[in-house]
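A short worksheet on the structure shown next.
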2 protein chains.
Amino acid sequence: MSDFLNAEQLEGLDAYWRASNYLAVGQIYLKDNPLLKLPLSLEHIKPRLLGHWGTTPGLNLIYTHLNRLIKQHDLNMIFIAGPGHGGPAVVAQTYLEGTYTEFCPSVECNSNGLVRLFRQFSWPYGISSHVSAQIPGSIHEGGELGYSLAHAYGAAFDNPELIVACVIGDGEAETGTLAASWHSNKFLNPVRDGAVLPILHLNGYKIANPTVLSRISEDELSALLYGYGYDPYFVEGDDPMQVHQALAQTLDTMVVKIRGIQLDARRSSRSAPPERPLWPMLVLRTPKGWTGPKFVDGHRVEGTWRAHQVPLADFQQPAHLCQLEEWLNSYRPDELFDADGALLPEIAALAPTGHRRMSANPNANGGVLLRALDLPRFTDYAVPFEVPGSQRAEATRVMGTYLRDVMKNNLSASNFRLFGPDETASNRLDAVYEVSAKAWMEPLEPDDLNLAADGRVMEILSEQVCEGWLEGYLLTGRHGLLSCYEAFIHIVDSMVNQHAKWLKTAAEVPWRKPVASLNYLLTSHVWRQDHNGFSHQDPGFIDLVANKKSDVVRIYLPPDANCLLSVTDHCLRSRNYINVIVAGKQPEWQWLDIDAAIRHCQTGIGRWSWACRDDGDPDVVMACAGDVPTLETLAAVTLLREYVPDLRVRVVNVVDLMVLQSSFQHPHGLPDRTFDELFTCDKPVIFAFHGYPALIHRLIYKRTNHENFHVRGFNEEGATTTPFDMAVLNNLDRYQLALDVIERVPRLHDQVQSARSRYWSTMEKHKLYLIENGQDMPEVLNWQWTPVAARN
Amino acid sequence: MSDFLNAEQLEGLDAYWRASNYLAVGQIYLKDNPLLKLPLSLEHIKPRLLGHWGTTPGLNLIYTHLNRLIKQHDLNMIFIAGPGHGGPAVVAQTYLEGTYTEFCPSVECNSNGLVRLFRQFSWPYGISSHVSAQIPGSIHEGGELGYSLAHAYGAAFDNPELIVACVIGDGEAETGTLAASWHSNKFLNPVRDGAVLPILHLNGYKIANPTVLSRISEDELSALLYGYGYDPYFVEGDDPMQVHQALAQTLDTMVVKIRGIQLDARRSSRSAPPERPLWPMLVLRTPKGWTGPKFVDGHRVEGTWRAHQVPLADFQQPAHLCQLEEWLNSYRPDELFDADGALLPEIAALAPTGHRRMSANPNANGGVLLRALDLPRFTDYAVPFEVPGSQRAEATRVMGTYLRDVMKNNLSASNFRLFGPDETASNRLDAVYEVSAKAWMEPLEPDDLNLAADGRVMEILSEQVCEGWLEGYLLTGRHGLLSCYEAFIHIVDSMVNQHAKWLKTAAEVPWRKPVASLNYLLTSHVWRQDHNGFSHQDPGFIDLVANKKSDVVRIYLPPDANCLLSVTDHCLRSRNYINVIVAGKQPEWQWLDIDAAIRHCQTGIGRWSWACRDDGDPDVVMACAGDVPTLETLAAVTLLREYVPDLRVRVVNVVDLMVLQSSFQHPHGLPDRTFDELFTCDKPVIFAFHGYPALIHRLIYKRTNHENFHVRGFNEEGATTTPFDMAVLNNLDRYQLALDVIERVPRLHDQVQSARSRYWSTMEKHKLYLIENGQDMPEVLNWQWTPVAARN
């Protein structure tokens, strides 16, 4: 056995570990008698045994050793617990550090506090069994698996002094996101970013199976990790003292190596761009449920899948009660806590203090570090024009010029990055490259463009890794935006769910400070993926988001570039939301000058009086949300002027989808009176919508006039075709909308038949032209808005 | 240069490759003049240039060489094209093999056919730019990236004679699913399964970036692949003849190795279970857009990201037109096609024939191989009881006994597998282990249970890999079911979208035969994840599914075990659907005996007359969908009997969610008259729903009585708490439902105040009890249904 630690250090570490394990077992099992002052009896045991013992001793071992390392090297470190349900360990650690009590004073550092600590765990109105927003020091929920390493890298970006210790469970390591996240090291710059210290914890089992990585040969495993670009260090064993020595020494070596890498890179960074170093990582192989019961009812438990959750249960069997008491006593609590239940001062002294405690590190409560972005005046980027519909622009390209200057203004603060899966340029945000390249640590070749070690645009072809990076970046107090093809953002549905849950929970935790919102730009959207075909056509992400708590989500559908600017500015200033912006990248007609756009976006909805001739008493309301539906609606308005010159049409455009809900359902919801004023109480409403029509119906079902809403949107009809044909396939096109109006306005009853014939002959012409020419009819391609005043 | 191929072979291969590249470029650019009989002019060029050249020559190269290999070794092989937008290559290959013409006779093997072939590509009402269901030989859509390797393994399972060649793009390789899929080899048994031949194609670039795997050192790359458990062979170069030689020789070596592995394993399988072999794989490094324009407008194109899509555009520049003509002529079409445009017979003879052609392999049109499952009588597994609500059962455990015998009856056919991310036992389907273990090729340890090389239960901790395996398995003509925690099925949202799109498209392709449905069991659902907390609580997957085409999706919410049996049997018999079954695993009261269950599930909805006292004229309808909502509804009914003895309550239970939609929206939709009979035209309906309430509102918004529907469901209020408290938090509990009824039945107006007081005092009692005892009140825990007849 190495003698890296002297006897006192060794004993101290082990005592601290035992204390944390004791507290973890206590949380899982006990509701009273926390220090075993009385013989353990049934009444001390919780009625429902919840929690996961299996991963706990390993997490405690690592945390305890990291504490030593922090003190030894004065490290700025946070802890990410990837393994599922690691709550008992991390809560125990935050309690031992005193942080838990600082944040929740009722959980005192004495036996009363211990009772509270134990009872609250996995108890109604208590805390959950995995690390969550409720737990100090956490930026990562250990509920759904797979996101720890991406979160860790997100936290490390632009945090040069930080080391993010990231424990990866060997079950978690089988997930897609985790498997892809290893390559994040190709985007981490040792000069300006912090370090990630991955700790792959091989305890061998998932719920019911061995794990893949624990059963492949060490030869393959070590090749795999080297192939990922790491220098793996292995520590393994089941003898605590031997493992303590090996682990302490190895961690020490790794920290020295990390520091060395950083020093070298930072020293030489003035002469040459840094190269990707071979970062160290740890593989720790210890038994699942280590120090727990070795056998229960004749079955081996420690070191097997049986240790995954609650290794001892059914306390009607007296033997089990004895076994639990023995187990708890095996940690020698009387050597750890004083008679009042306070941790002995010499053990407590082993933890770091103040902000060096991982549970009190401000990076893990990012809101306290958050600095508002220095935002340029978005109005400076406006598309100028005199008359609505007289000018075309690519909305996201305009947004790109604004983002370029957001990037520029905040370069020195190093707190803004743009994320996207290989699509920043395709999404036409490439103006940002004038200010910052894409991060890239691999060798460059002559034709490479916009790649640099200090780039702040983050591109890897994994929506999941991008999302994980951004979440980690935001939760540590920075800002960002993810742009993505609309259809493929579904790849992160589950991650968005979890982030929404995190935000909801964090908002209920008084000491958590607000963080910057998670901002999405969804472009290359369903209506303009005609060339890429059906697989690229899906507007359903907003349905997912609309299911989340109304105090967390916002959905914006700016109809043109100036509205997109206004919305983007708003989203970058907002806190604690998930903001989804859907906007196209193709050249499209522009509708609102910047002043009108600001007013429109502030209200979130508006009557477009310049497009209307309703004089307060419309025959029909034509509503639209989304850029293409807006275009088709306005084109339908011009058709209707021709077909039914005296028709009174009102045009209403919706930017902020949540205004449609009742005000008691969503804070942005319009009051019923305003809604009724806009949409009338009894007139037909033809609503052209960007997404699935059902979303509009569910948002408005409480509204007075909802019976008269007729919604057109995406009906899951896609193909490789033309832009206009996409609208035709889904009955969202101008001809259909005009027909919808005629069919639904009672006084036009006798025009319906001829309108239908006209519609069908137009459709025939459209289809023939399309098949013959491979593009849309001239009257569609060259359509332009005619202002109301100018007609006749 | 090696002389593995003689001059004639070499020339033949190269000619075939040139022919396929010529046809690919033709598809991207030309709408006429397919053989360049006339000087190329603008009128021959398509108006919109769509398609992706970059990946094309590599795919063609591989396909051409695999053809040689198939003929040489008489292989049964299919081809999966992972790289995005590989359509031009694969379509060209299927045309050269004659298969395209066999399936679409109008695309003849002459110059008329060539015009059709070229025009239809990325043309309205033509075919898409990526490999899709429209393309013979395909089981994998190259639209969204990441699923090729999982699909390949799914196809190989239980297909001992098949080799699945799977080209993985280096962009695709960055995605989560792909990164996790490499480890699929830990589940592939060389005795009973086929082989997967992964071909990692490093062409160096994604849309706009270099790829990670193309820029790491060969040392790291080769370690990575070895770490994944493969024996990588490297072929690289940019000289066609040299690459032909190296590739042909290497593929030959690999096939010999695959055959050797299989022979060894199969020979010795009688004496010992097989061990996981080190499967060979290929790394092919060739330039992106190889053989295309080297420079365009002074920029290097071949071998850079500029070759990704259309390397030449803007044909207003005459130089570009010349360059395209030169490019096309560089393939020497006159040496490939005769004057009529038919491929020269000596070149055509290089392709395999009949079913050996990868485009005509029946495994890639799985429906033609599909054999119906031999299903046991599900009624034999019924939970017997006399009276509704007199017996508890764990629904999924009962289903497990049925699935065990499904597994058993089809063992010899080897066409059924059960998939799940480490949760089969947790989801209580473990009876299947009596018949088949979990597949596992790694070393075993003494405490391992239910693991074996020939296991047919597929568990890896990645929902994405499970989903990909199952899709591949189904599309090659087999059957399966995926069980998953309800919340985490969102991880595969995007994969499900793509599979739904595949099914919709495939149904429109006349030669595609129906395949078995994609079946999900979602259990460990939102209402019974109280112990696992908020992160595990999400019922939103059914919202995603409900957005898909109605001819593709089915959603079932069986209220008890017998209904679950009936639904499962139905789903396993169905074809071409996505079936989602949501059912709990906890012990719950049972409501319908098996005969009643069959009738109920056939209709999909029913009045539960045994629970009602409405006599055809109810005061209120209490509707429910889902097991927990059903329980709470029936408990509310018993409360109401006490509170308002003369109230006429009708109970309606919904199993098949799609019956709620109008019959013109979904084939299962109830006719309006039936709907009105069940739900009345004007009475209040209190609907207790498993998922988000909005889903019910959107399904019923066309129904007469929809204004009177008051829906309770999941409101995104979750916590670590008790089962009943989950209902309380979301206002779905029995007390709330009873109050809802009293509030909404007009004649009970003067009871509302006292009902509210009663409700609030009950809630207070509930909460106090909960916090004190950590479990639900005895009246909830011990609640039992009292039959109507027995009351008073």
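Side notes on the structure shown:
- Going through (1) assigned by TED's automatic domain parsing to the domain that holds B:LEU312; (2) more than 29 Å from A:THR720 (Cα to Cα) one by one, B:ALA24 falls short only on (2).
- Residue list for region B:421-464, filter: more than 9 Å from chain A (Cβ to nearest Cβ), in a strand (DSSP E or B) and either touching a strand residue (DSSP E or B) at 6+ places or on another chain (Cβ under 7 Å) or under 17 Å from A:GLY171 (Cα atoms) (or both): B:ALA439, B:VAL457, B:MET458
- Considering (1) crowded, with 22+ Cβ neighbours inside 10 Å; (2) at pLDDT below 95, the lone condition that B:PHE689 does not fulfil carries the number (2).
- Number of the condition not met by A:VAL387 [criteria: (1) closer than 27 Å to A:ARG192 by Cβ; (2) surrounded by fewer than 17 Cβ atoms within 10 Å (Cβ to Cβ); (3) touching a helix residue (DSSP H, G or I) at 6+ places or on another chain (Cβ under 9 Å)]: (1)
- The single residue among B:VAL164, B:VAL131 that is buried (at least 24 other Cβ atoms within 10 Å of the Cβ), in the same structural domain as B:VAL107 (by TED's automatic domain parsing) and not in a loop (DSSP other than H, G, I, E, B) turns out to be B:VAL164.
- Scanning region A:434-453 for residues that are surrounded by fewer than 20 Cβ atoms within 10 Å (Cβ to Cβ) and either among the hydroxyl-bearing types (Ser, Thr, Tyr) or under 24 Å from the mean Cα position of the chain (by Cα) (or both) turns up just one, A:ALA437.
- Search result, residues across region A:550-570 that are closer than 17 Å to A:LEU403 by Cα and not polar (S, T, N, Q): A:PRO558, A:ASP560, A:ALA561, A:CYS563, A:LEU564, A:LEU565, A:VAL567, A:ASP569, A:HIS570
- First in region A:381-398 and among the acidic types (Asp, Glu), second anywhere and part of a helix (DSSP H, G or I), Cβ under 8 Å, 6 or more apart: A:GLU394/A:ALA561
- Counting only residues that are surrounded by fewer than 12 Cβ atoms within 10 Å (Cβ to Cβ) and over 30 Å from B:ARG119 (Cβ atoms), region A:745-774 holds 7 of them.
- Checking each residue in region B:687-705 for being assigned to a helix (DSSP H, G or I) and facing another protein chain (nearest Cβ under 7 Å) picks out B:ALA694, B:HIS697, B:ARG698.
- Options A:VAL728, A:VAL741: the member that is in contact with a strand residue (DSSP E or B) (Cβ under 7 Å, 6 or more places away or on another chain), β-branched (Val, Ile, Thr) and part of a helix (DSSP H, G or I): A:VAL741
- All conditions in (1) within 14 Å of chain A (Cβ to nearest Cβ); (2) over 32 Å from the mean Cα position of the chain (by Cα); (3) not acidic (Asp, Glu) hold for B:LEU247, with the sole exception of (1).
- Members of region A:14-34 that are assigned to a helix (DSSP H, G or I), farther than 22 Å from A:GLY303 by Cβ and in contact with a Ser or Thr (Cβ under 7 Å, 6 or more places away or on another chain): A:TYR16
- Checked against the criterion of being over 34 Å from the mean Cα position of the chain (by Cα) and either at pLDDT below 95 or surrounded by fewer than 20 Cβ atoms within 10 Å (Cβ to Cβ) (or both), the candidates A:ASP252, A:ASP219, A:ASP231 yield just one match: A:ASP219.
- Filter pass, B:LEU35 being crowded, with 19+ Cβ neighbours inside 10 Å and touching a Gly at 6+ places or on another chain (Cβ under 6 Å): yes
- Taking each residue of region A:760-786 that is at negative phi and assigned to a helix (DSSP H, G or I) and looking for partners that are surrounded by fewer than 14 Cβ atoms within 10 Å (Cβ to Cβ) and at pLDDT below 95 with beta-carbon atoms closer than 9 Å, six or more apart or interchain, yields A:LYS767/B:TYR125; A:LEU770/B:TYR125; A:ILE771/B:TYR125; A:ASN773/B:PRO47.
- All of A:GLY137, A:GLY146 fail the test of being part of a loop (DSSP other than H, G, I, E, B), modelled with pLDDT of 95 or more and touching a Leu at 6+ places or on another chain (Cβ under 6 Å), apart from A:GLY146.
- Of note, B:GLY194 satisfies the criterion of being in the same structural domain as B:ALA360 (by TED's automatic domain parsing), farther than 25 Å from B:LYS504 by Cα and in contact with a Pro (Cβ under 6 Å, 6 or more places away or on another chain).
- Number of residues in region A:291-309 that are surrounded by 22 or more Cβ atoms within 10 Å (Cβ to Cβ) and in contact with a helix residue (DSSP H, G or I) (Cβ under 8 Å, 6 or more places away or on another chain) equals 4.
- Within region B:635-654, residues that are assigned by TED's automatic domain parsing to the domain that holds B:ASP676 and surrounded by fewer than 19 Cβ atoms within 10 Å (Cβ to Cβ) have Cβ atoms under 8 Å from residues that are part of a strand (DSSP E or B) and modelled with pLDDT of 95 or more in these pairs: B:ARG648/B:VAL620, counting only partners at least 6 apart in sequence or on another chain.
- Positions within region A:679-696 being under 30 Å from the mean Cα position of the chain (by Cα) and either of a type in the set (Asp, Glu) or under 18 Å from A:ASP656 (Cβ atoms) (or both), in sequence order: A:ALA688, A:PHE689, A:HIS690, A:GLY691, A:LEU695, A:ILE696
- Region A:706-725 - residue that is closer than 26 Å to B:THR505 by Cα and part of a helix (DSSP H, G or I) and, of those, nearest to the chain's Cα centre (by Cα): A:PRO723
- In region A:321-343, of all residues being farther than 16 Å from A:THR291 by Cα and crowded, with 17+ Cβ neighbours inside 10 Å, the one that is nearest to the other protein chains (Cβ to nearest Cβ) corresponds to A:LEU321.
The values are calculated or read from the model by the stated rules, or taken from the named source; none is laboratory data. Everything quoted here is computed from the prediction, not taken from an experiment. Here Cβ is always computed from backbone atoms with ideal geometry, including for glycine, and neighbour counts include all displayed protein chains.
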